[in-house]
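Okay, structure first, notes after.
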Amino acid sequence: MLSSKVSLAVLISAALLASPVFASNVHRSPTTGQSSTTHKTAKSKRRSRVRGQQAIEPERVTQIQQALIREHYFTGDADGKWDTTTVAAMQKFQADHGWQTKLMPDSRALEKLGLGPDYSRAINARDANFSSPAPSSSINADQAAGFVEASGVHQ
């Protein structure tokens, strides 16, 4: 009995002393499968991609300049160059209408200058009828009475 207690004590002591020997100080990255150095180099090699429109095409600048000339905000020739004079004229036009002046040009300003999108070639505009509606005198009297009754407004 004494020998079993001694052997059990020796076994427990050996287990406690042996566990730090098998422990390791090696740092392993989480479950990504990549080491931390590979992850860092991948980040440093990644380049930021520039998005959005970077410059205005000269033809569009000419259109904007012509519209600003027509509205008496730009003096000179429409040369297609987005220079400081053109920027100042566009900022003045936008400020006079209460719009932002930091981003150039504002879509509302382009529409106000008559340079908004052209929908004349849109699929649903090809066969569209943009004529004005028929005059109210051409509506059948019974139909007009039905409209008045349905609206709840009685004269």
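Report those helices (runs of 4 or more DSSP H) wholly inside segment 1-78 carrying at least 1 residues which are of a type outside the set (D, E, K, R), surrounded by fewer than 11 Cβ atoms within 10 Å (Cβ to Cβ) and modelled with pLDDT of 75 or more.
Values: elements: 2-22, 36-45, 58-70.
Where helices (runs of 4 or more DSSP H) fall fully within segment 1-78 and carry at least 1 residues being of a type outside the set (D, E, K, R), surrounded by fewer than 11 Cβ atoms within 10 Å (Cβ to Cβ) and modelled with pLDDT of 75 or more, they are 2-22.
Quick one: which residue in ALA109, ALA67, ALA88, ALA78 is among the small types (Gly, Ala, Ser) and without any contact (Cβ under 8 Å) to a residue 12 or more places away in the chain? Before you say what the answer is, go through the steps one by one.
Working: ALA109 fails: without any contact (Cβ under 8 Å) to a residue 12 or more places away in the chain; ALA67 fails: without any contact (Cβ under 8 Å) to a residue 12 or more places away in the chain; ALA78 fails: without any contact (Cβ under 8 Å) to a residue 12 or more places away in the chain.
Testing whether each residue is among the small types (Gly, Ala, Ser) and without any contact (Cβ under 8 Å) to a residue 12 or more places away in the chain leaves just ALA88.
Quick one: what pairs do we get from segment 44-57, first residue within 16 Å of MET104 (Cα to Cα), second assigned to a loop (DSSP other than H, G, I, E, B) and modelled with pLDDT of 85 or more, C-beta under 6 Å, 6+ apart or different chains?
From residues that are within 16 Å of MET104 (Cα to Cα), the pairs are ILE56/TRP82.
For segment 115-143: of the residues being surrounded by 11 or more Cβ atoms within 10 Å (Cβ to Cβ) and within 16 Å of ARG60 (Cβ to Cβ), which is modelled with the lowest pLDDT?
Among those residues, the one meeting the criterion is GLY116.
The values are calculated or read from the model by the stated rules, or taken from the named source; none is laboratory data. These numbers come from a predicted model, not from an experiment. With ideal geometry, Cβ positions are generated from the backbone for all residues, glycine too; neighbour counts draw on all protein chains shown.
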